[in-house]
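Here is the structure we will look at, set down as structure tokens.
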Amino acid sequence: MTRSKQPPLAIIGLDAADPDLLLSWARAGLLPTLASIIERGTVGRLAGPEMISVHGVWPSFFSGVSVHRHGFYLRRVLIPGTYRLQTLRPRDIEAESFWSRFQGRDIRVLTVDIPVTDPLPRLNGPQLVHWGDHPTSSPPAARPARLLEEVGRAVGKPIRTDERQIGRWMDRRILPRILRRVERKGALCRYLMSKEPVDLMVVVFGDAHAAGHRFRRYREGDLGQAVQRTYQAIDEEIRRLVAAFPRTANVFVVTDSGISDGYPVRDLMESFCRRLGYQTMREPSTPLGKALASVPAAVADRVGYVLERLNPDRRDRIGDWVDWSRTAAFAVPAHYTGYVRVNLAGREPMGVVRPGSEYETLLDRLEADFLQLKDPETGSPAIDHVTRTARVFDDGIPTRLPDLVVDWRSSSRMARRIVHPDAVLERKTVGNPRGNYHSATGLVAAAGPSIERRGYAGDFSPLDFAPLFLALMGEPTGPRAPAMSAFLRSQAD
């Protein structure tokens, strides 16, 4: 049995597809499906405080729960009340998707490869995760479990890819594989739709993410249009999916972020805290300890992930050689964005900074020091901006989030050294680090019988959309979110 009073709803995600490229290529006629949706409906950008971490956008978008509450700003986060790290799994994140409300009901739901989710036990409809998403080491999972074997017979096995930048010779081999993945994902969704009509479909194409990281650096030659070709392949599959839905369906296309130039900054963040006196280290007492203390961040991260996979109960410590009694602030390990946590009394186990004026004064000093960092070769500032989480979320001193989020300036070249008037920070790198990360804006476009034909409608928070989707499904919601007013067609129409 399916719902009869409300039009079907299709939400199609393009993981990390660049908003500017999407809009530019849609205007140029290269993405005709997206162009048609924009022309017939409403489009807006995802922006604001919720975009401080690309990791948390999808959970916030699909749940309406703020990142400062669910705390998924990194895959490996600081466990509150400790100096230890934990890799968060979907079940650890307190942000239920809006479709969880339909468990145990007759509403037919199809979900495929939605980031940071697990299949729900009582949802009516097929669910797949890690089948063809953004490259992950997690094995595919499904409900019902037999679904994996069934779709394998119907459309083929999942095609694995990754986002590593190895060389042009490898990227030439990977591009056809990515394009086949896109086509197979579309065939999978249409196959599942053909078995029984669905009321709600949520599917995310992870291939835009992998293609952006791998191919963005190519401006010309045989791979110069690799990103465009990937987006075009997804656009064609969106056309086929929309055609498989009734004409009365409401359709959303969304990307959580884009891709921008950038290089790993973990070593620079740790060097900043230590060289400027915010973090004090103890001298390791053994030769092994001294060797481990000098390991570059890239190696330390990889070792930590491997050890945690071998023993899921293992939790890494921020620093085995930190003198916490003389440490005012420290960096939470992260690759491309800087996260600073104050060693706050009453929040951290051995906190030394008192809440109130002492805390605020320390944040002022940290922010001022970051903004003095420069690239010595160009003389340009190294930092784009610093975000104080207590201020932007207006919810007091953060419990789960870091106190400062440091966005380093986008650059197409890797600076080995960064200078401060009182210190020199050095980057220790291993191998050839990836030269790009994510931008802090997303895009949402929608069209359908319930969607206003408004054109560009401005900026929206990711938190606006779960209430909108529930309203489109005929479900009661809380206060009217801005996206509901912008996207929903008025009753008079």
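The values are calculated or read from the model by the stated rules, or taken from the named source; none is laboratory data. Treat the numbers as computed from the prediction; the structure is a model and nothing was measured. In this analysis, Cβ positions are derived from the backbone assuming ideal geometry, glycine residues included, and neighbour counts consider all displayed protein chains. For the accessible areas, the whole protein counts, side chains as well, though only heavy atoms, and no ligand, DNA or RNA atoms are used. Shrake-Rupley method; radii C 1.70, N 1.55, O 1.52, S 1.80 Å.
Per residue of segment 350-363, what does 6.51 cos²θ - 1.76 cosθ + 1.60 with θ = phi - 60° give for ³J(HN,Hα)? Whole Hz please, x for Gly and Pro, Karplus curve as stated.
Calculated HN-Hα couplings, in order: 10, x, 10, 8, 7, x, x, 5, 5, 4, 5, 5, 5, 4 Hz.
Consider just the alpha-carbon atoms of segment 58-211 and return their Rg together with their Dmax, both in angstrom.
That works out to 16.9, 50 Å for Rg and Dmax.
Does anyone have the angle between helix 266-275 and the longest principal axis of the chain? Alpha-carbon axes, 0 to 90°, nearest 10?
Value to nearest ten degrees: 30.
Using a cut-off of 13 Å between alpha-carbon atoms, which aspartates and glutamates can reach K374, once sequence neighbours fewer than 8 places away in the same chain are excluded?
D384, D422, E426
Once amide H atoms are placed 1.01 Å from N in the peptide plane, what residues at a sequence separation of 5 or more from Y83, or on another chain, have their amide H within under 5 Å of its amide H?
For Y83, whose amide H was placed from the backbone, there are no distant partners under 5 Å.
Taking 22 Å as R0, compute the FRET efficiency from the Cβ-Cβ separation of E283 and N432 and round it to 0.05. Could the numbers behind the result be given before it?
Details: r = 33 Å, r/R0 = 1.48.
The formula returns an efficiency of 0.10 here.
How much area per residue is accessible in the chain when the probe is 1.4 Å and only protein heavy atoms are counted (Å²)? Spell out each step's value before the answer.
On the way: 21640 Å² over 493 residues.
Heavy-atom accessible area per residue stands at 44 Å².
Any idea what the alpha-carbon Rg over 2.2 N^0.38 Å comes to for segment 15-76?
On the way: Rg = 14.5 Å, N = 62, 2.2 N^0.38 = 10.6 Å.
Against the empirical 2.2 N^0.38 Å value, I get 1.37 for segment 15-76.
Under 27 Å from the Cα of K5, which lysines turn up, not counting those fewer than eight places away in the same chain?
K195
At 222 nm, what value in deg cm²/dmol follows for the chain if DSSP H runs of at least 4 each add -39500 (n - 2.57) and the sum is divided by all its residues, to the nearest 500?
Working: 15 runs with 159 residues, N = 493.
Dividing the helical sum by the residues of the chain leaves -9500 deg cm²/dmol.
Could you tell me how many degrees, from 0 to 90 and to the nearest 10, lie between the Cα long axis of helix 297-310 and the main elongation axis, the longest principal axis, of the Cα atoms of the chain?
Roughly 60 degrees, rounded to the nearest 10.
With both partners inside the chain, how many of the DSSP beta bridges are antiparallel, as a percent to the nearest 5?
Values: 40 of 63 bridges.
Taking every DSSP beta bridge within the chain, about 65 percent pair in antiparallel fashion.
Work out the charge dipole of the chain with +1 on the Cβ of Lys and Arg and -1 on the Cβ of Asp and Glu about the Cα centre, then indicate which of F272, W169, P7 is farthest towards its positive end.
Projecting each Cα onto the dipole axis, the largest value belongs to W169.
Roughly how tilted is helix 226-244, in degrees to the nearest 10 and between 0 and 90, from the longest Cα axis of the chain?
40
Loop sites only, by DSSP: take the GluC sites (Glu not before Pro) in the chain that have at most 13 other C-beta atoms within 10 Å and name the longest stretch containing none of them. Show your work: numbers first, answer last.
Working: sites that count: E94, E220, E377.
For GluC sites (Glu not before Pro) (loop position, at most 13 other Cβ atoms within 10 Å), the longest site-free span of the chain is 221-376.
Please list, or write none, the lysines whose alpha carbon is within less than 18 Å of the alpha carbon of K157, excluding same-chain residues fewer than 8 places away.
Partners within reach: K185.
Convert 4 °C to kelvin, take the viscosity as 1.567 mPa s, use the Kirkwood radius over C-alpha pairs of segment 215-268 as Rh, and evaluate the Stokes-Einstein diffusion coefficient in µm²/s, rounded to a whole number.
Numbers: Rh = 14.4 Å.
After rounding, the answer is 90 µm²/s.
Give me Rg/Rg_expected for segment 178-260, where Rg uses Cα atoms only and Rg_expected = 2.2 N^0.38 Å with N residues. Write down the numbers at each step before the final one.
Numbers: Rg = 14.4 Å, N = 83, 2.2 N^0.38 = 11.8 Å.
Normalised by 2.2 N^0.38 Å, the Cα Rg of segment 178-260 equals 1.22.
Can you run phi through the Karplus equation (6.51, -1.76, 1.60; θ = phi - 60°) for segment 24-32 and list ³J(HN,Hα) in whole Hz, with x for Gly and Pro?
5, 6, 5, 4, 7, x, 7, 10, x
Once you wrap a convex hull around the alpha carbon atoms of segment 430-493, what is its projected area averaged over all directions, in nm²? It would help to have the intermediate numbers written out before the result.
Values: hull surface 27.4 nm².
Across all orientations, segment 430-493 yields a mean hull projection of 6.8 nm².
Please report, to one decimal in angstroms, the Kirkwood hydrodynamic radius of the chain built from all distinct Cα-Cα pairs.
Values: mean 1/r = 0.0418 Å⁻¹.
Result for the chain, one decimal place: 23.9 Å.
Once the Cα gyration tensor of segment 335-493 is diagonalised, what are the square roots of 5 times its eigenvalues, in whole Å and ordered largest first, as equivalent ellipsoid semi-axes? All intermediate terms of the calculation are to be shown ahead of the outcome.
Numbers: eigenvalues 321, 114, 35 Å².
Whole-Å semi-axes of the equivalent ellipsoid: 40, 24, 13.
Please state the relative contact order of the chain as a whole percent: Cα pairs under 8 Å, 6+ residues apart? Mind showing how you got there, number by number?
Values: 964 pairs, mean separation 131.2, N = 493.
Reported relative contact order: 27 percent.
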